[in-house]
Structure formats: structure tokens, C-alpha cells
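Down below is the structure, laid out as C-alpha cells.
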There are 2 protein chains.
Amino acid sequence: MANIKEIAKLAGVSIATVSRVLNQHPYVREDKRAAVLEAVEKLNYSQNMNAVHLVKGKTSMIAVVLPYVNHPYFGGITDGIANASLACNYKLILCQTDYRAEEEQKVLDMLRMKQVDGIVFCSKTMTWDEIEPYTVYGPIIACENAGDRAVSSVFIDHYGSFKLGMDYLIAKGHRKIGYFIGRGDSYINMNRKLAYMDALQAIGEEPYAEWQFERIFDFERGIEVVRRLLAMKNRPTAILGSGDHPAAAIVAEARKHGIRVPEDLAVIGSDNHPIAEVLGITTIELSMYDVGKNAFEILFERMNDKSLPSTRKELTYRLIERSTV
Amino acid sequence: MANIKEIAKLAGVSIATVSRVLNQHPYVREDKRAAVLEAVEKLNYSQNMNAVHLVKGKTSMIAVVLPYVNHPYFGGITDGIANASLACNYKLILCQTDYRAEEEQKVLDMLRMKQVDGIVFCSKTMTWDEIEPYTVYGPIIACENAGDRAVSSVFIDHYGSFKLGMDYLIAKGHRKIGYFIGRGDSYINMNRKLAYMDALQAIGEEPYAEWQFERIFDFERGIEVVRRLLAMKNRPTAILGSGDHPAAAIVAEARKHGIRVPEDLAVIGSDNHPIAEVLGITTIELSMYDVGKNAFEILFERMNDKSLPSTRKELTYRLIERSTV
DNA sequence: ATAAAATATGAAAAGCTTTTCAGGTCAAGA
DNA sequence: TCTTGACCTGAAAAGCTTTTCATATTTTAT
């Protein structure tokens, strides 16, 4: 395949001139420009991006780190990032980690080895202390509150959102309340648990271990929740959780087994995914699309101006009342 | 940042030896290897991947072209690709095109410019005639039947799957049948329409334009279908479509408005997404995850052995009877 | 003891581009 | 006429690594 040198030879100019034409620099005489363009055409030339990246020291790519691609929560973030990056001509490298630290490490190494210009962590297993040092190689942003560090954050106050849900349930007269979340040890879910505990404490209720469901990511797990609920003698009257998909499954499966929603069991989901609207599920709206969009924008600024300090941005949430409470 | 030259100097060897150590070539004396490793440590060296890519002429990355990332159909394919690629240490570049030919062209150019080693098209706007010439730069695979070309394919017979659904409905006594699909002009949906027409013709029914819904991608559009259905004097008794999400929305929204499912309206979706199981929706299982997985595997073989000819692989589908017919 | 094979190493080329720097030309203004 | 600034161009350096080739040293086999 032809390279810039052959173009230069055929067009009778130097490689510098060829480069100027290719990159539309000013100060190239019209006849030379035409000759270069003709040679490009004739030899069917195309740039070797790897050489460009090498010399420029950047690739216009960012890594998006997430445990699972095919999941509405992460899909929403990714969608936001993808749309924002499209406008800036940045490409996304999808790094599905399955929550394995080893895969996360590989992504950090990609930043160090200049394969990507920045990283957005949608969720992670490694600690921020382990991740933070890599910010010297390029900006890193978290889709959760990473605190006051060199890593930037865009986040939603999940403590607050869960607290809102709890208070709403309590206001409706519920005292026997359960929850369902994804990975129990993620930062976000730690906060949700905390909010749950605090809300219960405020009304003088003891938390009841059986009503606390973890690793509830999807429909199937939602069904499982109902199965376990059915086997209980002492059931909660309300359940609050992360994700509208498991919430939808819980509502559907519960009704299938004669548990009336909301009379016997009130359900609140999170996200305000279209499924919640369709099925009339009360939910806490968390705009993950906006989280992704903002994450890219903040990252983008910092890739262009390395001197910019890390920043934090908090996005809002709201309760959407429908018919499952 | 340190480069291989500085390592060589500090370790007192040539850059060739450093490269050998870094790439675990044999034939390096133990003491020199240790010296190099020590220098690497001391200078906090890391490879510049862009230089590696340049000299190797490959990047271990593939482009995944899809119109929307946050969509269960494409999410499933992407998931399959991501998992298969993880095992081979390939990275995915996500190219969200929004069905714009201009964005698809950019991806083809990335292949040409050696930024990616191969491409998988989940769906596309450009014609295969436009895409095919780019196979000289690297393997390209389609997640639909691209026919006999230099582009490989992994696909499901969507004509057959739709025909199966139609025949099932007809066998249940339906004659007034509608359909809902996504983009009407995609190859896949052309075939679905064809199957629909053929099935109707077989029972001597005329297709009825009002019952043919296009651009039905998600929940919202599913709700819209019901709205339009409600406004009709002459309604279909059954509807068959692509996607379980719109199907779920149709079922839920129809029931909300007093249309009994399946008595007044039978519904069949496609994909066998968990939502279909949860809501008991009859559907045609299409394993998009497997499509993605196979796509990557076929691509992988061809990236390693450029002489391999393009190939085609057909995957199966099956009807899953639940309670909406 | 000697030939042959295995091991070890560095110089240099190859992979390809952008950018700086120095040196031009030419026209307009003083 | 001379100066200044705008316009134009090419050589060479910088960005960094892998790999080939030639050569040198050891080890093994005969």
C-alpha cells in the first residue's frame, strides 16, 4: 500500500507538502496541491492512522469500562457517551470487565500505553486508590461519586434517591419494607443500603435480613425474588429497588401468584426506563443517559486541556408516582 | 516518558535486546534480561502501543457497527461479540451510526487506515456493493444474510421465522393478522414482510395496509401501535412482530384499554428476551447473542489467515408458546 | 579436535507521519 | 529602492518499536 513518500515522488514534491495538503494546511500552491491530490487518487493512498497516532501522541479514542454491555443501566450510560462522543469525533472502546480487576487493569494500561486518551468507568472493582495514579497518563472519570480525587465524577446521589423512595413508602404507611439491589459491595449500592437502614431507624424498625435481596440484576433475578418472597411466612408489604427490569419482573411474577400489587406488595423501581412507564411501575428516575453524556463532556474538556483539574457533577433524581404503590 | 532507547542505555544493551525481553523472545542471557527488567522498573517504562501497531500493521481491535447501542437486539449481538473477543484479547470499537451512511463510511475508512483489523456490521444503510470493496483491507462480517460475496455472514432466516409465526397464528384460526417491525427497508425486515405477504396469500387474505406497523423499535412505539389500533373500526385479531419489548408494550397497553389478550388480540414477539418470559409473551426465539459470538469467531479466523475465503453461517430459531396466542 | 548446531547480540532498516526550522519568493508599503 | 510581511517549500528530526541480518560465542556431536 502506498505511503506518503510515494505520493511525494509521484507528485514531484516533498513529503512535507503532501502532509500539508492532506491536513489542509494553508500555504500550498494550487498546482502542487492538485498534483498531490491526483497522486493520492492514482495510488489509492490512505493514511496509516497508527503512524498519525504515534506522532500526535493521541488517538481520539476513549475506553468505556463496564461489567456488562447488555444491561439497561450501562446501556443508558453508554448511549449517552456514544452520542456525545459522536459530535466530537471520538470513538469508544468498549471494555466489558465482568467485574474482574484484571480486565480493569488492562484498560488502565491502555491509557498508559497511549492507546486511549481517557477512560470512563461506569462501575468497577478496583479501588480508587489503585486507579487514581493513572490519571497522570490521561483523564479518568467515574459514573459514581469518587470523592475528592484526581478522578472526576458525574453522579447521582443514590443515598438520597433511595431515601426518597423509603420515605415515600413510609408516608404511605409501610413499615415492613425490603429492598433489591445489584452487587451489594459497589459504592452505589452501599449508599442505597445505608439509606435503607437510616430510613428504617427513623421509624424505629429493625432491618430484616430476609427482605434484603442482592445480586438482582435482571428479569430472572426478579422472578427469583418473588419465589423467595412466596416461601416466607413474614413478608414485607413493600419493596424498593434498583432497576425497573427486576421491578417489572417482581410485579408480573407476584401478580401471577396472587399477590396483589400494590395492595399486598408495593413496588418501587429505579431508572424510569420505558418499561416502567408501560407497566405503570412507580419508580425513581435516574437519567443514566445524562450521566454518560456529561461524563464524556467533562472528559473531553480534560483531554484537550491537560491542566484542567478534576471536577465533580451531581445530577438529580425524582420519584415518579405510578400504580405500584 | 521513557522509551525503549533509554531503557537500552540504562541497561547497557541494544534496543533489540530490550525488545526481546519485552516480548519474551528466547535467546537473551539471564543477566541482561534482569538488567533490562530493572531499567524498565526504574524508569517506569511502558510500551507505546501506537508504535507497536504501526510496525505490526495490526491493532487487535475490531469495529462493531450498529445504529443504536442501547437496544436489546443490538445489545444481544454486542454482548456475544464482546464475550468472544475477550477470550482472544481483541477490543471492540463501538460505532453508533444512527443509520447514517456517512458514519458507516468512517468505519470503513478506519479499516482502510489500519485502525481496526476487521468490522462486524450489525445493521447498515450502505449497500453491500459499496461495502464489499473494503474487504481487501480486512475481513468484514454481516449479522444478516449478505449473500454470496467477499463479506461473510452470520444470520437467522427471518423470512422463515416470520413465516413460522404467521403459520402458527393461522393454525390457531386467525385470518386478520397485522405485523410490526423496525426499519421497513432493512434486509431483515424486507424478508419479514415477504413472509407475511406469502402467508396471507396462502390463505387467500388481502394484506391490509393499516395493520402493518413500521418503525416500531421500543416500548413507546408499541404503545403507539395500540393507540392506532384503538382508533380502528376494523381491527386485526392477531399481530406478529419483531422485538419482545414492543410486544410487551402492546400487550400491557392493550389490556389497559380493555382489549383482552389473547382473546381479542393475539400477540407474538421476537427474540425471546427475558421480558417475554416474565410477561408470558409468545415469541420466536432468535439468539442474537450467538449471532454475535459466531460473528466474532468467523472474523477472528479471517484476521489471522487472510487467505481464508468468506463464509456464511445460518443459525436457528424456534417458536416459544406462551400465553399471548 | 573439529564441525555443526544452538545461543546471544547489536546495527540498521522498516513501518509512516507530523512538525519545526531554515531558507526561499513575491508583492505591497515606505 | 529598501523593508516588511505574507506565502511557499523541503530537509531533517521526532515520535517508537519490531525484525532482519550479520556476526560472535558456546555447546554438542562426531
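The values are calculated or read from the model by the stated rules, or taken from the named source; none is laboratory data. None of these values were measured; they are calculated from a predicted model. All Cβ positions, even for glycine, are placed from backbone atoms using ideal geometry, and neighbour counts span all protein chains on display. Ligands, DNA and RNA are stripped out before the accessible areas are found, and what is left, the full protein with its side chains, is counted by its heavy atoms. Shrake-Rupley method; radii C 1.70, N 1.55, O 1.52, S 1.80 Å.
Taking region A:8-21, which residues are open to solvent by less than 30 Å² (accessible area, probe 1.4 Å) and closer than 30 Å to A:GLN115 by Cα? Please lay out each step first, then the result.
Residues of region A:8-21 that are open to solvent by less than 30 Å² (accessible area, probe 1.4 Å), as a first pass: A:8, A:11, A:13, A:17-18, A:21.
A:ALA8, A:THR17, A:VAL18, A:VAL21 - these are the residues of region A:8-21 that are open to solvent by less than 30 Å² (accessible area, probe 1.4 Å) and closer than 30 Å to A:GLN115 by Cα.
From the list A:LEU111, A:LEU169, A:LEU92, pick out the single residue that is closer than 28 Å to B:ASP79 by Cβ and in a helix (DSSP H, G or I).
The match here is A:LEU111.
For region A:114-132, state whether one or more residues are closer than 30 Å to A:LEU240 by Cβ, assigned to a helix (DSSP H, G or I), outside the structural domain of A:MET197 (by TED's automatic domain parsing) and not basic (Lys, Arg).
Looking for residues that are closer than 30 Å to A:LEU240 by Cβ, assigned to a helix (DSSP H, G or I), outside the structural domain of A:MET197 (by TED's automatic domain parsing) and not basic (Lys, Arg), one finds at least one in region A:114-132, hence yes.
Within region B:78-88, which residues are surrounded by fewer than 22 Cβ atoms within 10 Å (Cβ to Cβ) and facing chain A (nearest Cβ under 9 Å)?
Correct list: B:ASP79, B:ASN83, B:LEU86.
Kindly evaluate B:ALA101 against the criterion of being open to solvent by 10 Å² or more (accessible area, probe 1.4 Å), away from DNA strand D (no atom under 16 Å from the Cβ) and not assigned by TED's automatic domain parsing to the domain that holds B:ARG302. I'd like the intermediate steps shown before the answer.
Working: open to solvent by 10 Å² or more (accessible area, probe 1.4 Å): yes; away from DNA strand D (no atom under 16 Å from the Cβ): yes; not assigned by TED's automatic domain parsing to the domain that holds B:ARG302: no.
No, not satisfied.
Return yes when A:LYS91 is touching a strand residue (DSSP E or B) at 6+ places or on another chain (Cβ under 9 Å), away from DNA strand C (no atom under 16 Å from the Cβ), farther than 23 Å from A:TYR187 by Cα and within 12 Å of another protein chain (Cβ to nearest Cβ) and no when it is not.
Against the criterion (touching a strand residue (DSSP E or B) at 6+ places or on another chain (Cβ under 9 Å), away from DNA strand C (no atom under 16 Å from the Cβ), farther than 23 Å from A:TYR187 by Cα and within 12 Å of another protein chain (Cβ to nearest Cβ)), A:LYS91 qualifies.
(1) open to solvent by 90 Å² or more (accessible area, probe 1.4 Å); (2) touching an Asp or Glu at 6+ places or on another chain (Cβ under 7 Å): which one isn't true of A:GLN24, the others all being true?
Failed condition: (2).
Looking at B:GLY222 and the list (1) in contact with a strand residue (DSSP E or B) (Cβ under 7 Å, 6 or more places away or on another chain); (2) open to solvent by less than 10 Å² (accessible area, probe 1.4 Å), which single condition is not satisfied?
(1)
Looking at B:PRO246, B:PRO236 in this structure, which one is within 12 Å of chain A (Cβ to nearest Cβ), touching a residue at least 12 places away in the same chain (Cβ under 8 Å) and in contact with a strand residue (DSSP E or B) (Cβ under 8 Å, 6 or more places away or on another chain)?
Values: B:PRO236 fails: within 12 Å of chain A (Cβ to nearest Cβ).
Checking each option against the conditions leaves just B:PRO246.
Which one is most open to solvent (accessible area, probe 1.4 Å), of the residues in region A:43-63 that are away from DNA strand C (no atom under 11 Å from the Cβ) and without any contact (Cβ under 8 Å) to a residue 60 or more places away in the chain? It would help to see each step written out before you state the result.
Of region A:43-63, the ones away from DNA strand C (no atom under 11 Å from the Cβ) are A:44, A:59-63.
Going one step further and asking which of them are without any contact (Cβ under 8 Å) to a residue 60 or more places away in the chain, we end up with A:44, A:59-61, A:63.
Values: A:ASN44: 76, A:THR59: 7, A:SER60: 37, A:MET61: 5, A:ALA63: 0 Å².
So, considering only residues that are away from DNA strand C (no atom under 11 Å from the Cβ) and without any contact (Cβ under 8 Å) to a residue 60 or more places away in the chain, the one most open to solvent (accessible area, probe 1.4 Å) is A:ASN44.
When the residues of region A:27-39 are narrowed to those that are open to solvent by 40 Å² or more (accessible area, probe 1.4 Å) and not in a loop (DSSP other than H, G, I, E, B), which ends up farthest from DNA strand D (Cβ to nearest atom)?
Only one residue tops the list, namely A:GLU38.
Taking the residues in region A:42-89 that are polar (S, T, N, Q) and part of a helix (DSSP H, G or I) as candidates, determine which candidate is nearest to the chain's Cα centre (by Cα).
Filtering region A:42-89 for residues that are polar (S, T, N, Q) and part of a helix (DSSP H, G or I), the one nearest to the chain's Cα centre (by Cα) comes out as A:THR78.
Using beta carbons and a limit of 8 Å, which pairs, at least six apart or on different chains, have the first residue in region A:1-22 and at negative phi and within 8 Å of DNA strand D (Cβ to nearest atom) and the second one open to solvent by less than 40 Å² (accessible area, probe 1.4 Å) and of a type in the set (S, T, N, Q)?
A:ALA8/A:THR17
In region A:187-211, how many are open to solvent by less than 50 Å² (accessible area, probe 1.4 Å) and over 16 Å from A:SER270 (Cα atoms)?
Here the count works out to 4.
For region A:172-227, which residues satisfy the criterion of being of a type in the set (S, T, N, Q), outside any helix (DSSP H, G or I) and free of Cβ contacts under 8 Å to residues at least 40 places away in the same chain? It would help to see each step written out before you state the result.
The initial filter retains those residues of region A:172-227 that are of a type in the set (S, T, N, Q), namely A:186, A:189, A:191, A:201, A:212.
Keeping just the survivors that are outside any helix (DSSP H, G or I) gives A:186, A:212.
Scanning region A:172-227 gives a single hit, A:GLN212.
I'd like to know if region B:58-77 contains one or more residues that are at positive phi and either of a type in the set (D, E, K, R) or at the interface with another protein chain (Cβ under 9 Å from one of its Cβ atoms) (or both).
no
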